[in-house]
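Q: One structure, pasted below without further comment.
Taken together, the values in this text are just the output of simple stated rules run on the coordinates, not laboratory data. What you see is a predicted model, and the numbers here were worked out from it, not measured in a lab. Don't worry about glycine lacking a Cβ; one is built from the backbone with ideal geometry, like all the others, and counts go over all protein chains shown.
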Amino acid sequence: MSRISADECEWTDMEWYGVDRQGHVAVFCSGGSGNLPEFVCEDAERAETLIRYFEKAPIMTSSVLRIPAIDATEQAARNFSERGLYYFDADDGTGCGAAVYQTYYTKHAVPQKPLNYEMLPEHIQEMLRHNSLDLQDFSLAETVYIDHAYKS
């Protein structure tokens, strides 16, 4: 098990996954500047396996965009939310076409039918057991604040 280093956190646009108390799954895109939690940094292989799994997951629902359409961001938001994932990005969408990265994550897209943790294969559930967030329900959160693994 290898760690994601502090340097990698600063320049890698990392996708990572979290689970709320309702069992819903969200993807968070850091843009190379969003905070990465300890449970992501502690195991690079687990993080990469989850990325590969969700990138290949089947489309299962439609999505609702929560931000103005911006080409690449809109496509990424749709790709993930159509797989049942809530989509949060470190770019808060306020930059009129230019990325404005924050240390918090802003909800950009919502799935019509959210994916639940219990619907996932057992080996993915096992990996996501480490990725629980202290958040009641992604559907009610517009922003999510995350403590960075390397910054206090």
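Q: Between Met60, Phe28, Asn131, whose Cα lies farthest towards the positive end of the dipole of the chain when Lys and Arg beta carbons carry +1 and Asp and Glu beta carbons carry -1, centred on the Cα centre?
A: Value: Met60.
Q: Something else now. Projected onto the charge dipole of the chain (+1 at Lys/Arg Cβ, -1 at Asp/Glu Cβ, origin at the Cα centre), which of Gly18, Ser152, Pro37 gives the Cα projection farthest towards the positive end?
A: Final value for the positive-end residue is Gly18.
Q: Follow-up. Mind telling me which of Thr73, Thr49, Thr103 comes out most flexible in a GNM of the chain, alpha-carbon contacts under 10 Å?
A: Per the Cα network of the chain with a 10 Å cutoff, Thr49 tops the list.
Q: Given that just one value was derived from the coordinates, which of (1) 21, 20, 14; (2) 37, 14, 12; (3) 31, 24, 12 is semi-axes √(5λ) of the Cα gyration tensor in Å?
A: (1)
Q: Sorted from fewest to most neighbouring beta carbons within 10 Å, what does the list Met14, Met60, Met1 look like? Kindly include the intermediate steps, with their values, before the conclusion.
A: Details: Met14 20, Met60 15, Met1 7.
Going from least to most buried by this count: Met1, Met60, Met14.
Q: In a GNM of the chain with a 10 Å cut-off on Cα contacts, which of Ser139, Ser81, Ser30 has the highest mean-square fluctuation?
A: Result for the chain, Cα springs under 10 Å: Ser139 fluctuates most.
Q: Sort Tyr145, Tyr117, Tyr150 so the one with the fewest other Cβ atoms within 10 Å of its own Cβ comes first. Walk me through the intermediate numbers first.
A: Values: Tyr145 11, Tyr117 17, Tyr150 14.
Placing the least packed residue first, the sequence is Tyr145, Tyr150, Tyr117.
Q: Per DSSP H run of at least 4 residues, take -39500 (n - 2.57); add these up for the chain, divide by its residues and hand me the 222 nm value, nearest 500 deg cm²/dmol.
A: On the way: 5 runs with 41 residues, N = 152.
For the chain, the value works out to -7500 deg cm²/dmol.
Q: Here's another thing I want to ask about it. Let me check against my output: what whole-number percent is the relative contact order of the chain, with C-alpha pairs under 8 Å and at least 6 apart?
A: Numbers: 304 pairs, mean separation 47.7, N = 152.
It rounds to 31 percent for the chain.
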